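Heads up: the structure comes next, in C-alpha cells.
The values are calculated or read from the model by the stated rules, or taken from the named source; none is laboratory data. Being a predicted model, the structure only gives us computed values, none of them experimental. Glycine gets a Cβ as well: all are built from the backbone with ideal geometry, and neighbour counts include every protein chain shown. For accessibility, only protein heavy atoms count, side chains too; no ligands or nucleic acids. Shrake-Rupley method; radii C 1.70, N 1.55, O 1.52, S 1.80 Å.
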Amino acid sequence: MKKIVLGLLAVCCLLTGCKSAAPEASTASQTEAATATTVIAPLTETMELSRLDNCTVAVSLKEGDAYVDDTGAMQMKVTVYTYDRYDPVDIAALKEGDILVIGGQEVPVVSAARDAYGAVLINGGYDAGGYELRTDEDGTFHETGPNDTYAYHSLGEATVRVSPDFVYTDGSDPEKGEVTYYPGDFLVEGTGIDYGFTPYDTSIVIENGQVIAMNRVYRP
C-alpha cells in the first residue's frame, strides 16, 4: 500500500514540475521575441540611369558639361543623385536594439523618438550626433541633414539631350531674384552662369527623353 501511495506522489510531483516549467519557457520565448534585433534597410532604388524620362532629378554639373555633339544636338552631362527611402511601417516599428542601414552603414539604434514636427530622431537626432528621418511627399521616410537637406548620394553620370525649349531658372541669389537662361547661354562665355551646381540646390526636368528645364533654388 505504501508503494502505491509513494508512486502516486511521484507521478503528481512530475506532473506539477511539467506544469510549472511550461510558463517559464513561454515567458522566455516572448521576451526573446520582443528583444529580437531587426535590420531595417532602405527600399530598393528604382531610378535607372539608362531610363531617365518623365522625371525630376537632383543633379550637379561642371562648366563644359553642356555641349553640342557631332550631330548638332545639344547634350547635357550630369551627375545624378538619389537618397535612401524607408518604408513607414518599418520606421513605425523601429525600436531600441534594432539596426538601421543609413548611407550603406549599419547603425545600432540606441534610441528612437519623434519630435513635435513628426521627425524620427535616431540616437538623439542630428544635433546630438545621431540621425533624423522625415516623411517625403509619398509617405516614405528619408534622412535629413542641416537645414532639412536630403542626404544625397551619387547614382552615376548620365548624358541627356537638351530640348530647344529648355529654360534654366536660377533663384539661388535672393538679392538678384530669379534669373532666366536659355540653351545658348551654356555654350558661350560671359553669360553669368555660376557653375557651382549641387544636388542640394539644382534639379532638371526630363520629358520625352529631353531636358526641358533646370531649376536652382536658394540654400542658406
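When segment 40-58 is filtered for residues that are among the small types (Gly, Ala, Ser) and modelled with pLDDT of 95 or more, the ones remaining, listed by number, are Ala41, Ala58. From Arg134, Arg161, grab the single residue that is touching a helix residue (DSSP H, G or I) at 6+ places or on another chain (Cβ under 9 Å) and at pLDDT 95 or above. Criteria check complete, one pass: Arg134. Please indicate, with yes or no, whether at least one residue in segment 166-178 is touching a residue at least 40 places away in the same chain (Cβ under 8 Å) and out of contact with any strand residue (DSSP E or B) (no Cβ under 9 Å at 6 or more places or on another chain). For segment 166-178, residues touching a residue at least 40 places away in the same chain (Cβ under 8 Å) and out of contact with any strand residue (DSSP E or B) (no Cβ under 9 Å at 6 or more places or on another chain): present. Being farther than 24 Å from Val57 by Cα, open to solvent by less than 80 Å² (accessible area, probe 1.4 Å) and not in a strand (DSSP E or B) holds for only one residue in Gly118, Gly177, and it is Gly118. The selection criterion, being surrounded by 13 or more Cβ atoms within 10 Å (Cβ to Cβ) and either polar (S, T, N, Q) or over 26 Å from Ile206 (Cβ atoms) (or both), holds for Leu133.
Among the residues making up segment 64-112, a single one is open to solvent by less than 30 Å² (accessible area, probe 1.4 Å), among the small types (Gly, Ala, Ser) and outside any strand (DSSP E or B): Ala73. Between Arg134, Arg161, the distinction of being more than 30 Å from Ile91 (Cα to Cα), touching a Gly at 6+ places or on another chain (Cβ under 9 Å) and assigned to a strand (DSSP E or B) belongs to Arg161 only.
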